[in-house]
Amino acid sequence: MSQTLELAAIQANLVWEDPAANRTYFDQKLAEIKKDVDLIVLPEMFATGFSMNPDGIADEGETLNWMKSKATDLNTAIAGSLMVKENELYYNRFYFVTPDGSVTLYNKRHTFTLAGEDQVYEKGTQQVFAVYKGFKILLQVCYDLRFPVFARNTSAYDAVIYVANWPKKRVFAWDILLKARAVENMCYCIGVNRMGLDGNTYEYNGFSGVYDSLGATLAFAEAKETTIYATLDKSHLEQTRNQLNFLADQDRFTLELE
């Protein structure tokens, strides 16, 4: 069982509502990764930007197949969310794809009502974990970050990933909440945001980051297109939890999901 997980997170300027252009863009970004990694994380709706117009561009398998192909070719897991059409319904779906082609999927639980996401996309109904190279990883999308009960670590997970299109005007909340989720859950927390302007002229300035179980910064991306790298160390995480067993003192309650 692996004790470390080498991570790359790509902070990207997405092409609005153009899956083919974004796949080409990420072909280049993936080719530029400068070290061997176990996991590459892309932003929320990385093929389109955070659009409420899924008709005709929501993924029905093409971009998922691209993720599978890249994961196999690069021998690394690839994670990120897409707008997906399934059974005539739309989802903001987080895919975690491993090199052997296996797929873990999570439908975003907290759809962003301020943008009308709840009127377009079906919401998820459960926590979902990807288990990969000895790490148990909770999958989360953007607005989920504001709801700590949903990420509450009662399942002994090792890391949580938030993929996002989180705008510049609220980016300090993003940064604070990522660190809070790491500290309160005694886990690694990875947040991957986008750059640039979207089709609604909302501006994004990144601030992607990786934090350890005490909130220390392992990697951080300033306001530019870039790839950041971090090493997640399971033995260090377990040592910290053994020394500071805060999770054992959590209040007990049951979260009811509709």
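Residues that are open to solvent by 10 Å² or more (accessible area, probe 1.4 Å), outside any helix (DSSP H, G or I) and closer than 19 Å to residue 206 by Cα: does segment 35-58 have at least one?
yes
Restricting the first residue to segment 27-40 and requiring it to be touching a residue at least 40 places away in the same chain (Cβ under 8 Å) and closer than 23 Å to residue 160 by Cα, which pairs with a second residue that is among the hydroxyl-bearing types (Ser, Thr, Tyr) and open to solvent by 40 Å² or more (accessible area, probe 1.4 Å) meet a Cβ separation below 7 Å and a spacing of at least six or different chains?
Correct list of pairs: 35/229.
Output the number of the condition that residue 215 fails; it satisfies all remaining conditions of (1) closer than 25 Å to residue 15 by Cα; (2) open to solvent by 10 Å² or more (accessible area, probe 1.4 Å).
Tallying (1) closer than 25 Å to residue 15 by Cα; (2) open to solvent by 10 Å² or more (accessible area, probe 1.4 Å), residue 215 fails exactly one: (1).
From the list 79, 71, which residue is in contact with a Pro (Cβ under 7 Å, 6 or more places away or on another chain), crowded, with 20+ Cβ neighbours inside 10 Å and within 28 Å of residue 38 (Cα to Cα)?
71
Please go through segment 1-20 and pick out each residue that is open to solvent by 30 Å² or more (accessible area, probe 1.4 Å), in contact (Cβ under 8 Å) with a residue 40 or more places away in the chain and not in a strand (DSSP E or B).
1, 2, 3, 16, 17 - these are the residues of segment 1-20 that are open to solvent by 30 Å² or more (accessible area, probe 1.4 Å), in contact (Cβ under 8 Å) with a residue 40 or more places away in the chain and not in a strand (DSSP E or B).
Exactly one condition in (1) without any contact (Cβ under 8 Å) to a residue 24 or more places away in the chain; (2) under 28 Å from residue 6 (Cβ atoms) is not met by residue 114; state its number.
Single failed check for residue 114: (2).
Just name the residue that is surrounded by the fewest Cβ atoms within 10 Å (Cβ to Cβ) out of those in segment 119-166 that are of a type in the set (Ser, Thr, Tyr) and touching a residue at least 40 places away in the same chain (Cβ under 8 Å).
Going through segment 119-166, the residues of a type in the set (Ser, Thr, Tyr) turn out to be 121, 125, 132, 143, 154-155, 157, 162.
The next check asks that each one be touching a residue at least 40 places away in the same chain (Cβ under 8 Å); those that pass are 121, 125, 132, 154.
Numbers: 121: 22, 125: 9, 132: 20, 154: 13.
Ranking the candidates gives 125 first.
From the list 238, 258, 222, which residue is among the charged types (D, E, K, R), at pLDDT below 95 and either in contact with a Pro (Cβ under 6 Å, 6 or more places away or on another chain) or closer than 26 Å to residue 150 by Cα (or both)?
258
Being open to solvent by 30 Å² or more (accessible area, probe 1.4 Å) and in contact with a helix residue (DSSP H, G or I) (Cβ under 6 Å, 6 or more places away or on another chain), is that true of even one residue in segment 102-115?
yes
Being open to solvent by 50 Å² or more (accessible area, probe 1.4 Å) and assigned to a helix (DSSP H, G or I) is the filter here; which residues of segment 21-34 pass it?
24, 27, 28, 31
If we scan segment 184-203, do we find a residue that is at positive phi, among the polar types (S, T, N, Q) and open to solvent by 10 Å² or more (accessible area, probe 1.4 Å)?
yes
The values are calculated or read from the model by the stated rules, or taken from the named source; none is laboratory data. Keep in mind that this is a model prediction, so the values were computed, not measured. Every residue, glycine among them, receives a Cβ derived from its backbone with ideal geometry; neighbour counts consider all protein chains shown. For accessibility, only protein heavy atoms count, side chains too; no ligands or nucleic acids. Shrake-Rupley method; radii C 1.70, N 1.55, O 1.52, S 1.80 Å.
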